[in-house]
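Colleague: Supplied in structure tokens, the structure appears directly below.
All of the numbers you see were taken from the coordinates with simple rules; none came from a lab. A quick note: this is a predicted structure, and the numbers were derived from the prediction, not measured. As a convention, Cβ positions derive from the backbone with ideal geometry for all residues, glycine included, and neighbour counts pool all protein chains shown.
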Amino acid sequence: MKKIVPLGLAILSSFTFAFSQEQPSSKPQKEAATIEFISPQSAQDMDASDLVERQIEDFANRLGISYGVPDDKGRIFFYSVRTLNVHSPNFIKARIAAFDKAYLEAQRDLALYLGRDIFTKTVAKTLEDYSEGEGLENRQSNWKVLKKKLLALTDAALNKALEKLGVNPEKLGSMSLAEKRTLFLDSIKRQTIIRTFHELSGSVPVKTFEGINKDGNYAVGVILMYSPKLKQVAYDIIHKREPVYWNPKKGKPINAYLPKTDKGWYSSWNVRVVWDKHGYPAILSFGQWGENWSKNPKKRERDKKHIYRMADTLADAYIADFLAASVAATKISEAGAGTKTVQILDPDQPVEKDIESTYDKYKEEIKRTAKVLNIRGIGTVARRTIYPKIGDRRFIIGVVVKAYTYESAQKAKGLENWKPKLHREGQSKPNTIYQPQTIESPNTTDVYDW
């Protein structure tokens, strides 16, 4: 039987032979150079970022999800990892900042993916009656291909395409063909960017991971999930509507979602979407802040007050950011309305570059919008102080949990509409019995629900 040699082995053998032939015969033969792949034998040998990335991959394998591609429910998962050093003087603050940066990086990657997809579909729909030849695949925005197609359009065809993009036909009469092309490119980009940022309102962090290696290098990872259902949840809350989604079989008291251990409290961060006791979508927000542990009791008490103020502010901010996303996209849209031929976006660069450059403005608009949002039904449900020790360093961390539920929103609405009674009524004894609730369940969003 003829023996088959693997191609890679054959190439390596040829390389080894050629190398040995070049050695002078008077010198001793050297051992042939080989390529080896060395795997860490244990977690002790791994970088902190590797530890976290393995956790992230294990999570995907357990749940049967993939990163960067949509599943059959339209959900998309992205993740990002950031590193820091546990010996940093302000480690706890640096850790929170690392979480924020990882979240923003994952969301930016999501925005680029959504932008490419939206761009491709927008162009295909707008030019469906005139497009021939080379296509616009989703792997890139193919900006050069679009401009090439645009040059082939007649004036009448360009007018119809611009009308599809929402441009008033009365504005087109006095424009030259070159001006219309510029307006078309700008309009395509605007629609892509605005729709992309609207879609980001359906994204939340669903899991976080942390790891430290033997050298004190620390890493945090954030998994972000986009789901059309989450976009609907945010829309219903912003517009004070009764929730579209209802899942009474999975409903739980809000306290049941709180962590059971100090480790759970330590790792809880940002927004989670769950089902309340009535089966309606609810939002939990975990804000935390911390300081180095002090031996001075008075300083510890001062630190605690400051920590809880900061954690409270962050818990509010995370909910507001989630809800303000779609509103901020609308404001960016309105700010860009009314332009004629002056392009705000660069017509010579692909849409991905414009999404990246506009992303920071979008996040700034979210912050401005979040400050003026008037959302009923948000209240503090828990506070917890924990004292982690990492290596030889001790810290004090405060965690504040805030929640939005449809029930609490309706109660708040009732208080706003309250009017004093003009007639005395007989008083009756309240018949509500209050019972303590225990902390039992994990705090992560169940991705199967969304």
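Colleague: Please identify the trypsin sites (Lys or Arg not before Pro) of region 208-255 that satisfy two criteria: DSSP loop assignment and at most 14 other Cβ atoms within 10 Å. Which are they?
Modeller: K214, K240, R241
Colleague: Between A178 and Y245, with labels modelled 7 Å along Cα→Cβ, what's the label distance in nm to one decimal, could you check?
Modeller: Spacing of the two 7 Å Cα→Cβ label points: 5.1 nm.
Colleague: How about region 203-283: which chymotrypsin sites (Phe, Trp or Tyr not before Pro) there lie in a loop by DSSP and see at most 16 other Cβ atoms within 10 Å?
Modeller: Within region 203-283, the qualifying chymotrypsin sites (Phe, Trp or Tyr not before Pro) (loop, at most 16 other Cβ atoms within 10 Å) are Y245, W246.
Colleague: Using a ≥ b ≥ c from the Cα gyration tensor of region 139-255 (square roots of the eigenvalues), is it rounded, prolate or oblate, where a/c under 1.5 gives rounded and otherwise the larger of a/b and b/c decides, a/b for prolate?
Modeller: It comes out oblate by the Cα gyration axes.
Colleague: Now for a different question. Full extension from A156 to D71: what is 0.36 nm times the residue separation minus their Cα-Cα distance, to one decimal in nm?
Modeller: Difference between extended and current length: 26.6 nm.
Colleague: By count of other Cβ within 10 Å, fewest leading, how are V86, V222 ordered?
Modeller: Least to most surrounded, the residues fall as V86, V222.
Colleague: Suppose the chain between E57 and K147 were pulled fully straight at 0.36 nm per residue; how much longer would it get relative to their current alpha carbon spacing?
Modeller: Result: 28.4 nm gained on full extension.
Colleague: Then there's this: Can you bin region 193-280 into rounded, prolate or oblate? Criterion: square roots of the alpha carbon gyration tensor eigenvalues sorted a ≥ b ≥ c, rounded for a/c under 1.5, prolate for a/b above b/c, oblate for the rest.
Modeller: In terms of gyration-tensor shape, oblate.
Colleague: Quick one: compute the contact order of region 205-279, relative version, from alpha carbon pairs under 8 angstrom and 6+ residues apart, as a percent.
Modeller: For region 205-279, the relative contact order is 31 percent.
Colleague: Going by how many other Cβ atoms sit within 10 Å of their own, how do V204, V52, V447 line up, fewest first?
Modeller: Fewest to most other Cβ atoms nearby, the residues stand as V447, V204, V52.
Colleague: DSSP loop (so not H, G, I, E, B), at most 15 other Cβ within 10 Å: list which trypsin sites (Lys or Arg not before Pro) in region 49-111 pass both filters.
Modeller: K73
Colleague: Going by how many other beta carbons lie within 10 Å of each one, how would you line up M46, M225, fewest first?
Modeller: Ordered by Cβ neighbours within 10 Å, fewest first: M46, M225.
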